[in-house]
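Note sheet for the following structure.
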Amino acid sequence: MKDEATGLRMPDVVRAAAREALGGDDLRHEFAWMSWAGTVWRLEGKTRVVYVKRAAHLEGERDRLAWLGGRWPVPRLIGLFHGFGDDWLLTHAVRGQPLNDRSIPWTPEAMATRLGEILRGLHSTDGTGCPFGEAGPGHVLVHGDYCLPNVLVEGGELSALVDVGGAGLGDPLVDLAAGVWTLQYNYGPGHARTFLDSYGWKPMTDSEIEKLRRRYAR
């Protein structure tokens, strides 16, 4: 059903859950973003904000949000619903700006450095008992899509991680490949080595870096 207050066509159960989370306020909405992972809208009440993501098969992201809470700064889950042939994931808003936001005044080199530093900290998280991914030699808790839009900062510090549907135990190269790819996509070539150095990865040749970048397939 299309909500007259938002203009967004969403299932009744999703609209009801959003209104409850917003304290019963009328909803105002705006399109947030669309990617291969789904379409996201921002729903705003008088004093609160929630996000709704529409895509197929969001159960995995719901389960990862529940497990990661308290380990990584991820959005607080409200619920997962189904309607119009898709899943609808409802979460509370998080603080900060995504790293690809133009309000962040960092140079490309500063961005590459901070992206590597943040990832080094994430990969040091204790993944004991993680039910997602596969434990193996050298495996760590990976994000699974470690790109600039999925990393939020506030005051230069990590404030939130979003789109964690691929998170779990895995090869750190999964996230390193995404980091190299996202830097080149946003700033052009030449920043991968700064990113890898700030993470603490072993030195790589240009051809090895390019092979790593191509590992991230989108």
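The values are calculated or read from the model by the stated rules, or taken from the named source; none is laboratory data. Remember, predicted model here, so these are calculated numbers, not experimental data. Because the Cβ atoms are built from the backbone with ideal geometry, glycine has one as well, and the counts that use them run over all protein chains shown.
Overview of values
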quantity: Considering residues of the range 84-112 that are small (Gly, Ala, Ser) and at positive phi only, the residue farthest from the chain's Cα centre (by Cα); calculated: GLY85
quantity: Matching entry among GLY155, GLY127, GLY144 (being in the same structural domain as ASP171 (by TED's automatic domain parsing) and loosely packed, with under 13 Cβ neighbours inside 10 Å); calculated: GLY155
quantity: Whichever residue in the range 18-65 is surrounded by 14 or more Cβ atoms within 10 Å (Cβ to Cβ) and small (Gly, Ala, Ser) and, among such residues, is farthest from GLY165 (Cα to Cα); calculated: GLY45
quantity: Given (1) over 12 Å from the mean Cα position of the chain (by Cα); (2) assigned to a loop (DSSP other than H, G, I, E, B); (3) modelled with pLDDT of 95 or more, number of the condition TYR146 does not satisfy; calculated: (1)
quantity: Lone qualifier among LEU152, LEU176 - being in a strand (DSSP E or B), within 16 Å of the chain's Cα centre (by Cα) and not aromatic (Phe, Trp, Tyr); calculated: LEU152
quantity: Pairs, first at pLDDT 95 or above in the range 154-170, second buried (at least 23 other Cβ atoms within 10 Å of the Cβ) and among the hydroxyl-bearing types (Ser, Thr, Tyr), C-beta under 9 Å, six or more apart; calculated: LEU161/TYR146
quantity: The range 33-44, residues that are over 16 Å from ASP86 (Cβ atoms) and at pLDDT below 90; calculated: TRP33
quantity: Scope the range 86-117; condition closer than 26 Å to LEU8 by Cβ, without any contact (Cβ under 8 Å) to a residue 24 or more places away in the chain and either among the polar types (S, T, N, Q) or not assigned by TED's automatic domain parsing to the domain that holds GLY155 (or both); matching residues; calculated: SER103
quantity: Counted residues, the range 17-41 - those being under 17 Å from GLY79 (Cβ atoms) and in a strand (DSSP E or B); calculated: 3
quantity: Those residues of the range 176-204 which are within 11 Å of GLU117 (Cα to Cα) and of a type outside the set (Phe, Trp, Tyr), in sequence order; calculated: THR194, LEU196, ASP197, SER198, GLY200
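Residues checked against (1) farther than 23 Å from GLY23 by Cβ; (2) in a helix (DSSP H, G or I):
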{"residue": "HIS57", "(1), (2)": "yes, no"}
{"residue": "ILE78", "(1), (2)": "no, no"}
{"residue": "ARG102", "(1), (2)": "yes, no"}
{"residue": "GLU109", "(1), (2)": "yes, yes"}
{"residue": "ILE118", "(1), (2)": "yes, yes"}
{"residue": "GLY127", "(1), (2)": "yes, no"}
{"residue": "ALA135", "(1), (2)": "yes, no"}
{"residue": "GLY138", "(1), (2)": "yes, no"}
